[in-house]
Amino acid sequence: MVDYERLNAFLQKNQIHHVTGMDHIKRVHDICLKIAKKTNNANIDYDVLRVAAYLHDCAVPVSGSLNHHEKAAQTIGNLLEEIGLPPEKQTRVLEAIRTHSRQKKGLVPETLEAQILKDADGIDGIGAVGILRAVLRSYGNQSYDGDVNKNGVKLVNSRMLNIQGSDNAISTEVGKRMAEEKIRFHQLFMKTLEEELTETNEEGKEL
């Protein structure tokens, strides 16, 4: 039996990053469970899926986001043993974490748990929550310079790019259905943003 209390204690102590904190982790965890339950595949290992979801971003506070998937997989071996995860399940958790990132090309999840985790992480990056996370990230890393006209469309569009392309696309059928509404909202927001910026730019020419 997995010691989830010990796992939670680790997260509460270490997962303090402003963008990939516990709120993001809990959402990804819950999205993973929704996809898994609706997929209704007896081969899904819920311990593997839940532990991978909880730990997928655990290295971000230390390593940053670029290679966090590799750093996490390299550093949590002892923790997986401490919480009572059998060796074969440890291997599957590490594989899911190594392949969940969309920031590095060529990471293709092979197990169903890994596919679900990558889908859930991508789904949390789009829609209203995804847009808000992108905005907060820009403030947190000081990449926003106050110019909505210059940065706004690119910032919002970047979230959609994270779930497009052969390496990044949502792969499970349930995940695709869950993403549809968020994608529609995201696209409507982008269209509205572009229209509003175009209107204000045209009026500004008269000044």
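When only residues in the range 178-196 that are among the charged types (D, E, K, R) and without any contact (Cβ under 8 Å) to a residue 24 or more places away in the chain count, which is nearest to residue 32 (Cα to Cα)? By that ranking, first place goes to 180.
In the set (1) modelled with pLDDT under 85; (2) surrounded by 24 or more Cβ atoms within 10 Å (Cβ to Cβ); (3) among the small types (Gly, Ala, Ser), residue 106 fails one condition alone, (2).
Screening the candidates 187, 164 for the property of being at pLDDT 85 or above and surrounded by 10 or more Cβ atoms within 10 Å (Cβ to Cβ) yields one hit, 187.
Within the range 44-75, if we keep just the residues that are surrounded by fewer than 21 Cβ atoms within 10 Å (Cβ to Cβ) and at pLDDT 95 or above, the residue that is farthest from residue 6 (Cα to Cα) turns out to be 44.
Listed here are the residues, each with its yes/no results for (1) surrounded by 20 or more Cβ atoms within 10 Å (Cβ to Cβ); (2) touching a strand residue (DSSP E or B) at 6+ places or on another chain (Cβ under 7 Å); (3) within 26 Å of residue 184 (Cα to Cα); (4) at pLDDT 85 or above.
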| position | (1), (2), (3), (4) |
| --- | --- |
| 77 | no, no, no, no |
| 81 | no, no, no, yes |
| 90 | no, no, no, yes |
| 102 | no, no, yes, no |
| 115 | yes, no, yes, yes |
| 119 | yes, no, yes, yes |
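Is it the case that residue 200 is modelled with pLDDT under 80 and among the hydroxyl-bearing types (Ser, Thr, Tyr)? Yes: the conditions hold for residue 200.
What are the residues in the range 115-134 that are touching a residue at least 12 places away in the same chain (Cβ under 8 Å) and aliphatic (A, V, I, L, M), if any? I'd like the intermediate steps shown before the answer.
Within the range 115-134, the first condition is being touching a residue at least 12 places away in the same chain (Cβ under 8 Å), and the residues that meet it are 115-131, 133-134.
Residues satisfying the conditions are 116, 117, 120, 123, 126, 128, 129, 131, 134.
The residue of the range 170-184 that is modelled with the lowest pLDDT, among those that are hydrophobic (A, V, I, L, M, F, W, C) and part of a helix (DSSP H, G or I), is 183.
The values are calculated or read from the model by the stated rules, or taken from the named source; none is laboratory data. Owing to the predicted nature of the structure, the values given are computational and were not obtained by experimental measurement. FYI the Cβ positions are ideal-geometry reconstructions off the backbone, even for glycines, and counts take in every protein chain you see.
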